[in-house]
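Undergrad: Here you go, one structure.
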Amino acid sequence: LSLQESLLLKSLGLSTKPSPKSPVPVPSVLWRIFQKRKMLPPTDKDLADACRVEEFHVPGNIIRVFADQGQFLHQGQPQRLLWLQNGLHNSYHTSSQGQGFELRLYQPSRVALRGLASHEGSRRLLEERSFAQLHKSLLFNLSGVAKDWRTSSRNPGLVLEISVRGGEGGAALAAGGLQGLCTSIDSFLDTSLLVVTLSPEQCKASRRRRR
Amino acid sequence: RRSSLCKPRRLYISFSDVGWENWIIAPQGYLANYCLGECPFPLTAELNSTNHAILQTMVHSLDPEGTPQPCCVPVRLSPISILYYDNNDNVVLRHYEDMVVEEGGC
């Protein structure tokens, strides 16, 4: 890198010039935030606080999305999910055989989590829904559950189960395998982590007083 | 003569010019601008001057060799946001303060 380029990168808080290998699509949440700031009227532009993410009501100037890295998990192992999102907004996923699905969200006790499904008795059902087509995203209000996550030791996580609706599983098995059904919903299970950080160098508390 | 007064001048920064187009997703570039121009005595209101600048122009008018004119500097700046890939192919949105000169002053 030329001296100028490395100094410019440094001023932007980057130690090296990134070299993406397989760029992923821009997550819609970031694109929306970016566009919203870009579309601010010129008179309001300087009012936008570069050191606060209004969308999440937190201080921060860097929003980073870690794309789903769970594919390498061994098939059949439970996959940790942070967000259930229909991969393509406004498109409708139906299972190839037209079966419906049931979705249940549990809060396991700490012991149950170690064994997961093996301790069904010691988990509390939080949500139950059935669907044949998944429209947009499924949103759950977890504020009640999250309240007691204040200390990490009390956060046993949540267990999400998606199963074939009622007796249709047996028919599906006969028709050629439960696995086929599950692959049809696989395409929209996604795990992504969005992290907001505040870079102290670029968000200096003591600002040069402006006139 | 008016155009020589202190005010923002157009400066467009193109990220592809510095070879960053493969990791910066958006924008491709942006108008950063810069300040340039005179701060002559008497300073007019549009020059956003500080009291000190008013004083300095007065002294400059009396002793041009000894005391220079006040500086022409940015007085209102706005942030920009940049979307880019980091080294692990994650998408990052980063806001940078004071990246666009909206207004200049003495």
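The values are calculated or read from the model by the stated rules, or taken from the named source; none is laboratory data. Treat the numbers as computed from the prediction; the structure is a model and nothing was measured. Don't worry about glycine lacking a Cβ; one is built from the backbone with ideal geometry, like all the others, and counts go over all protein chains shown.
Undergrad: Out of all the residues in the range A:33-46, which are free of Cβ contacts under 8 Å to residues at least 24 places away in the same chain and either surrounded by 13 or more Cβ atoms within 10 Å (Cβ to Cβ) or hydrophobic (A, V, I, L, M, F, W, C) (or both)? Full working, then the answer.
TA: Restricting attention to the range A:33-46, the residues satisfying the condition of being free of Cβ contacts under 8 Å to residues at least 24 places away in the same chain are A:34-46.
Across the range A:33-46, the qualifying residues are A:Phe34, A:Lys36, A:Arg37, A:Lys38, A:Met39, A:Leu40, A:Lys45, A:Asp46.
Undergrad: Just give me the residues in the range B:47-97 being more than 7 Å from chain A (Cβ to nearest Cβ), in contact (Cβ under 8 Å) with a residue 24 or more places away in the chain and closer than 30 Å to A:Leu193 by Cβ, in sequence order.
TA: We begin by selecting, within the range B:47-97, every residue more than 7 Å from chain A (Cβ to nearest Cβ); these are B:47, B:49, B:51-74, B:80, B:82, B:88.
Pick out the ones that are also in contact (Cβ under 8 Å) with a residue 24 or more places away in the chain and you get B:47, B:49, B:53, B:57, B:69-74, B:80, B:82.
Listed by number, the residues that qualify are B:Ile80, B:Ile82.
Undergrad: Okay, moving on. Please go through the range A:112-155 and give me each residue that is surrounded by fewer than 12 Cβ atoms within 10 Å (Cβ to Cβ), at pLDDT below 70 and among the hydrophobic types (A, V, I, L, M, F, W, C), ordered by number.
TA: A:Leu139
Undergrad: Under the condition of being among the hydrophobic types (A, V, I, L, M, F, W, C) and at the interface with another protein chain (Cβ under 7 Å from one of its Cβ atoms), which residue from the range A:29-54 is farthest from B:Val75 (Cα to Cα)? Reasoning before the result, please.
TA: Of the residues in the range A:29-54, the ones among the hydrophobic types (A, V, I, L, M, F, W, C) are A:29-31, A:33-34, A:39-40, A:47-48, A:50-51, A:53.
Imposing the further condition that a residue be at the interface with another protein chain (Cβ under 7 Å from one of its Cβ atoms) reduces the set to A:30, A:33-34, A:48, A:50-51.
Details: A:Leu30: 30, A:Ile33: 27, A:Phe34: 25, A:Ala48: 16, A:Ala50: 17, A:Cys51: 19 Å.
Residue satisfying both the conditions and the ranking: A:Leu30.
Undergrad: Looking only at the range A:1-28, which residues are more than 8 Å from chain B (Cβ to nearest Cβ) and surrounded by 17 or more Cβ atoms within 10 Å (Cβ to Cβ)?
TA: A:Leu9, A:Leu14
Undergrad: Among the residues of the range B:21-45, what is the count of those that are surrounded by 13 or more Cβ atoms within 10 Å (Cβ to Cβ) and without any contact (Cβ under 8 Å) to a residue 12 or more places away in the chain?
TA: Residues meeting the conditions: 2.
Undergrad: Being within 12 Å of chain A (Cβ to nearest Cβ) and aliphatic (A, V, I, L, M) is the filter; apply it to the range B:1-31 and report the residue that is farthest from B:Ile80 (Cα to Cα).
TA: B:Val18
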